[in-house]
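Participant: Would you mind keeping the following structure in view while I ask a few things?
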Amino acid sequence: MSSSESARIEVIPDRRTAGWDLLWSELSVLFRRRRTWAMLAAVALIPILLAIAVRLSTSTLAAGEGPPFLSRVTQNGLFVGFTSMVVAIPLFLPLTIGVVAGDTIAGEAGQGTLRYLLVAPAGRVRLLLVKYAGAAAFCLAAALILTVAGLLIGAALFPVGPVTLLSGDVISVPEALLRSLLVAAYVSLSLLGLSAIGLFISTLTDVPVGAMAATVVVSVVAQILDILPQLAWLHPWLFSHYWLGFADLLRQPLDWASFGTNAVVQLCYIVIFGALAYSRFATKNIQS
Amino acid sequence: MTVPAADFAIVTEGLTKRFGQQTAVNSIDLAVPSGSVFGFLGPNGSGKTTSIRMFLGLVQPTSGTVRVLGERMPDRLHTVLPRVGALVEGPAFYPYLSGIDNLRRYDSADRYASSRSRSARIDSALERVGLGNAAQKKVHAYSLGMKQRLGIANALLRPRELLVLDEPTNGLDPQGTREVRSLVGALAAEGTTVFVSSHLLSEVAQMCTHAAVMSAGNIVAQGTLAELRGVDTARVRVLTPDADLAVETLRHLGLAAERSHMDGTATWVLAPVRDEVAEPETIASALQSAGVRIRAFSVEEPSLEERFVALTGEGFDVVQ
Ligand SMILES: Nc1ncnc2c1ncn2[C@@H]1O[C@H](COP(=O)(O)OP(=O)(O)OP(=O)(O)O)[C@@H](O)[C@H]1O
Ligand SMILES: [Mg+2]
């Protein structure tokens, strides 16, 4: 054995890197998946279908009929994006977030790749952070794609011009585009709390579908609680309570109040469920 | 063993894992010498994979300690694991990514792996396991053996001080099995300690220098392969129609001969060899001059399989 002992290697590790590679890898794996693209394509379909339906229908809507802003779509294509946001945020966007956030840890566990990431070693905390960042990037991508698809189809099918805001003021087209981006930012922010809940649920199981379904159920339950007047005290603390608050971004002067409150509530959810996910995952036995 | 404690790649003390009532790993004391090729033997469900998961910090021990490359696990996981390559309970990959992209993914998780050398390291790992031609194929189109090879490539992404391979030849074709064996030999020659779990005795017998045998969560034997075989229990086997005469002759030579089973019209006579009369030709000529008709004659090293069965029991049923 002496010969092999003299030959024994000391592995001098390469220099410790900052570790951003795992984040890029996560984003590239997430956004190269066909499932992700299918969901984003479905998100883009919402404004397209909505605009086509409005264009084809002959009857003109009375103001206030249908979802907010719908009656304005025919006069100004820029309202397609806002209307579709209202339509998508209660169910469709939470559904896609449920799939992505519920899949974060449970998906890796279910397919066995979690053990190899941890043995690499990715580090449990780092993996959680990277997974959360991936889910947040998806929220942003979904909101942006919905906005851009809305703008494009709106411009294609309807006249585009200065926008009359809820407050009655009129803003220019570039200003309206800026507001659209603000709305997209507001909506992605709104989904961060649910993403944190999904991440936590995902650490509880090795069955990704279970975590996805549970996350979607949580978002539906929150919205049901939000309409029960008996629970009024709870409403300001529900992560879904401010989901439709982006209408405040369509007033002149810009009203940042709901943006700020929303940010605080979402942050609370991120901290609480991030901590729960950490405490669950840091010592979890990886049996998959 | 004479090697000082620092020269062990893996040392466990009283390592135990319980799942509810069941004790999957029961207070094992394992010592894997650095530079060895260490076979970890045991029937299905004996606790091999559970032990390996504890070595790698995937599973928290119920009690006891593990040191890997001299450091406590799982506390020192971040400095230990970059020096360890592992295959745990079969390979696992992202089916929708190509082989090369899967390795890229795992390599990017290791903070000590430089991204500049990544492509070169991945290529050479793929070459080493013979997957160079299938690198661009999606993993869902890989065969079982190809996945197994890719799993081994993942363990070889960087030079390692320790390789932990859980059933590395599972699903491999004969060429693949032979390549893994020679790969393990080459890695050991480079100085890597290789820890291989297996329930294939012949595999362990062919590539390992040391081994431990697990049974129902306990280590029932460990040491060098020679120690495990029991060096001084080689046996004479004689197939003869003159069984009584053969037994008598062998006993004259001082061997504790016994009749074993019949084989056609002849009988097997067995006798453990003692060193002073171990020469096969001496025994053969003694038998012949006594007029024993010999149909078959051999002096055999005891097989590891016999030891294994003796240590772990004959039963086919999983014990727990
Ligand atoms: N998550 C778990 N929960 C309960 N029992 C478990 C769990 N994981 C393993 N076990 C039990 O622990 C014992 C050891 O399992 P382990 O996977 O370590 O066996 P093994 O030696 O690797 O077997 P094989 O040769 O089949 O791979 C088995 O009896 C198994 O049922
Ligand atoms: Mg096993």
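Participant: Looking at chain A, which longest stretch skips every one of the chymotrypsin sites (Phe, Trp or Tyr not before Pro) that is in a DSSP loop with at most 14 other Cβ atoms within 10 Å, leaving the sites themselves out?
Facilitator: A:21-232
Participant: Report the accessible area of A:V160, computed with a 1.4 Å probe over the heavy atoms of all protein chains in place, in Å² rounded to the nearest 10.
Facilitator: Approximately 70 Å² for this residue.
Participant: Would you kindly state how much longer the chain becomes between B:D75 and B:A310 on full extension, computed as 0.36 nm times their sequence separation minus their alpha carbon distance, in nm to one decimal?
Facilitator: Result: 80.8 nm gained on full extension.
Participant: Percent antiparallel among DSSP beta bridges with both residues in the protein assembly as shown, to the nearest 5?
Facilitator: Approximately 70 percent, going by the DSSP bridge assignments.
Participant: Right, here's the next one. Lys/Arg Cβ at +1, Asp/Glu Cβ at -1, dipole of the protein assembly as shown taken about the Cα centre: which of B:V213, A:G123, B:A189 is farthest positive-ward?
Facilitator: Comparing the listed Cα positions along the dipole, A:G123 ranks first.
Participant: Quick test of the membrane-span-like rule: which DSSP H helices of chain A reach at least 27 Å along their long axis (C-alpha atoms) with mean Kyte hydropathy at least -1.0? Please report the intermediate quantities before stating the final value.
Facilitator: Numbers: long enough: A:34-56 (32 Å, 1.60); A:124-157 (49 Å, 1.85); A:208-227 (30 Å, 1.83); A:257-281 (35 Å, 1.20).
Answer set is A:34-56, A:124-157, A:208-227, A:257-281.
Participant: Read phi for every residue in the range B:195-201 and hand back ³J(HN,Hα) as whole Hz from Karplus 6.51 cos²θ - 1.76 cosθ + 1.60, θ = phi - 60°, with x for Gly and Pro.
Facilitator: My calculation for the range B:195-201 gives 10, 10, 8, 6, 10, 8, 5 Hz in order.
Participant: Which percentage, to the nearest 5, of the DSSP beta bridges contained in chain B is antiparallel?
Facilitator: Percentage antiparallel, nearest 5: 65.
Participant: Also: Please report, in debye to the nearest 20, how large the charge dipole of the range A:21-281 is about its Cα centre when each Lys and Arg carries +1 at its beta carbon and each Asp and Glu carries -1 there.
Facilitator: About 540 debye.
Participant: Find how much the distance from B:R237 to B:H140 grows on full extension, using 0.36 nm per residue of separation minus their present alpha carbon separation; answer in nm with one decimal.
Facilitator: Details: separation 97, 0.36 × 97 = 34.92 nm, distance 5.11 nm.
The B:R237-B:H140 span can extend by a further 29.8 nm.
Participant: Can you pull the accessible area of B:H140 for me, 1.4 Å probe, Å² to the nearest 10?
Facilitator: The accessible area of B:H140 comes to roughly 130 Å².
Participant: Quickly estimate the mean residue ellipticity at 222 nm for the protein assembly as shown, helices only: each DSSP H run with n ≥ 4 gives -39500 (n - 2.57), and the total goes over all residues, rounded to 500.
Facilitator: Roughly -15000 deg cm²/dmol at 222 nm, from the helical runs in the protein assembly as shown.
Participant: For the range A:73-122 and the range B:127-175, write down the distance between their C-alpha centroids in whole Å.
Facilitator: Answer, in whole Å: 33.
Participant: For chain A, modelled as a GNM with alpha-carbon contacts under 10 angstrom, which of A:I145, A:I224, A:I197 fluctuates the most?
Facilitator: Of the options given, A:I224 has the highest mean-square fluctuation.
Participant: Let me ask something else. Can you work out the Karplus-derived ³J(HN,Hα) for every residue in the range B:251-268? Use 6.51 cos²θ - 1.76 cosθ + 1.60 with θ = phi - 60°, whole Hz, and x for glycine or proline.
Facilitator: Once θ is set to phi - 60°, the couplings for the range B:251-268 become 5, 4, 6, x, 9, 7, 7, 8, 6, 10, 7, 7, 9, x, 8, 10, 10, 7 Hz.
Participant: How high is the FRET efficiency from A:R33 to A:Q230, r the C-beta distance, R0 51 Å, rounded to 0.05?
Facilitator: Values: r = 42 Å, r/R0 = 0.83.
Efficiency computed from Cβ-Cβ geometry: 0.75.
Participant: Would you work out which of B:Q22, B:A109, B:V238 lies farthest towards the positive end of the dipole of chain B, given +1 charges on the beta-carbon of Lys and Arg and -1 on that of Asp and Glu, about the Cα centre?
Facilitator: Among B:Q22, B:A109, B:V238, the one farthest towards the positive end of the dipole of chain B is B:A109.
Participant: Obtain the radius of gyration and the Kirkwood radius of chain B from its C-alpha atoms and give Rg over Rh.
Facilitator: 1.08
Participant: Run the numbers on the range B:231-301 and let me know its relative contact order in percent, using alpha-carbon pairs under 8 Å that are six or more apart.
Facilitator: 47 percent
Participant: Run the numbers on chain A and let me know its relative contact order in percent, using alpha-carbon pairs under 8 Å that are six or more apart. If you can, show how the numbers build up before the last one.
Facilitator: Numbers: 382 pairs, mean separation 67.3, N = 288.
Reported as a whole number, the value is 23 percent.
Participant: A further question follows. Show the residues, 5+ positions off or on another chain, whose built amide H is closer than 5 Å to the amide H of B:F40.
Facilitator: The answer is B:V196, B:S197, B:S198, B:A212.
Participant: Heavy atoms only, 1.4 Å probe, whole protein assembly: order A:L244, A:L152 by accessible area, highest first.
Facilitator: In descending accessible area the options line up as A:L152, A:L244.
Participant: Okay, next question. Remind me, relative contact order of the range B:5-229 in percent, using alpha carbon pairs under 8 angstrom and six or more residues apart?
Facilitator: Reported as a whole number, the value is 29 percent.
Participant: In nanometres, what is the gap between the two model label sites at B:Q22 and A:I52, each 7 Å from Cα along Cα-to-Cβ?
Facilitator: It is 5.5 nm.
Participant: How do B:R121, B:R293 rank by accessible surface area computed with a 1.4 Å probe, from largest to smallest?
Facilitator: Correct descending sequence by accessible area is B:R293, B:R121.
Participant: Now for a separate question. If you rank B:K147, B:K138 by how much accessible surface each has, with a 1.4 Å probe, what is the order from largest down?
Facilitator: B:K138, B:K147
Participant: List the residues whose amide H sits under 5 Å from the amide H of B:T23, counting only those 5 or more places along or on another chain, with H placed 1.01 Å from N in the peptide plane.
Facilitator: none
Participant: What stretch of chain A, leaving out the sites themselves, is the longest with no GluC sites (Glu not before Pro) in a DSSP loop having at most 13 other Cβ atoms within 10 Å?
Facilitator: Longest run free of exposed loop sites: A:66-288.
Participant: Taking the Cα centre of the protein assembly as shown as the origin, how large is its charge dipole in debye, to the nearest 20, when only Lys and Arg (+1) and Asp and Glu (-1) carry charge on their Cβ atoms?
Facilitator: 1920 debye
Participant: Give me a single rounded figure for B:49-58: the average over its residues of other chain Cβ atoms within 10 Å of their Cβ.
Facilitator: 3
The values are calculated or read from the model by the stated rules, or taken from the named source; none is laboratory data. What you are looking at is a predicted structure, and each value in this text was computed from that prediction instead of being measured. All Cβ positions, glycine included, derive from the backbone under ideal geometry; neighbour counts span all protein chains shown. Areas reflect the complete protein model, heavy atoms only, side chains present, ligands, DNA and RNA absent. Shrake-Rupley method; radii C 1.70, N 1.55, O 1.52, S 1.80 Å.
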